[in-house]
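Structure first, commentary second.
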Amino acid sequence: QAKYLAQIILVGAQVVGRAFMRALRQEFAASRAAADARGRSERPQSAAASRIIGISLQEAQQILNVSNLNPEEIQKNYDHLFKVNDKSVGGSFYLQSKVVRAKERLDEELRIQGKDEKEKGWKAET
């Protein structure tokens, strides 16, 4: 009887293991599809900047509370958030570093857009 019980437990563990692996593969495939979709929505340079800085353009815009890439608005919001999150006034170093990364990401996007516009202008002249 112990032999049958051991076989039942073994078969049950195999079934659960297979189901877990199947679910894991599906989750991995869904995650990869979502990442690919995000990558396609951004230009190649923009996607590369997101990977290098470690923060997406959308996340950076949310952190600094800007809807468009207006340099003055970005700087104003950055200055305010950096100041209120300063550790010397009881702020959070972690949040302050997120604000800095968001500003770096938006500055990089502005640089990319400026470069693209310059290239388009140069191509239009030739």
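When the stretch 67-100 is examined, which residues are found to be within 18 Å of the chain's Cα centre (by Cα) and open to solvent by less than 60 Å² (accessible area, probe 1.4 Å)? If the condition is that a residue be within 18 Å of the chain's Cα centre (by Cα) and open to solvent by less than 60 Å² (accessible area, probe 1.4 Å), then LEU69, GLN96, SER97, LYS98, VAL99, VAL100 are the ones that fit. Of all residues in the stretch 101-117 being under 15 Å from the mean Cα position of the chain (by Cα) and either closer than 12 Å to GLN61 by Cα or not assigned by the TED database to the domain that holds LEU57 (or both), which is most open to solvent (accessible area, probe 1.4 Å)? Selected residue: ARG101.
Sort through ALA60, ALA19, ALA34 and tell me the only one that's modelled with pLDDT of 90 or more, of a type in the set (A, V, I, L, M), open to solvent by less than 60 Å² (accessible area, probe 1.4 Å) and outside the structural domain of VAL99 (by the TED database). Outline the logic, then answer.
Details: ALA60 fails: outside the structural domain of VAL99 (by the TED database); ALA34 fails: modelled with pLDDT of 90 or more.
None of the others qualify; the one that does is ALA19.
The values are calculated or read from the model by the stated rules, or taken from the named source; none is laboratory data. What you are looking at is a predicted structure, and each value in this text was computed from that prediction instead of being measured. Calculation scope for accessible area: heavy atoms of the full protein, side chains included, ligands and nucleic acids excluded. Shrake-Rupley method; radii C 1.70, N 1.55, O 1.52, S 1.80 Å.
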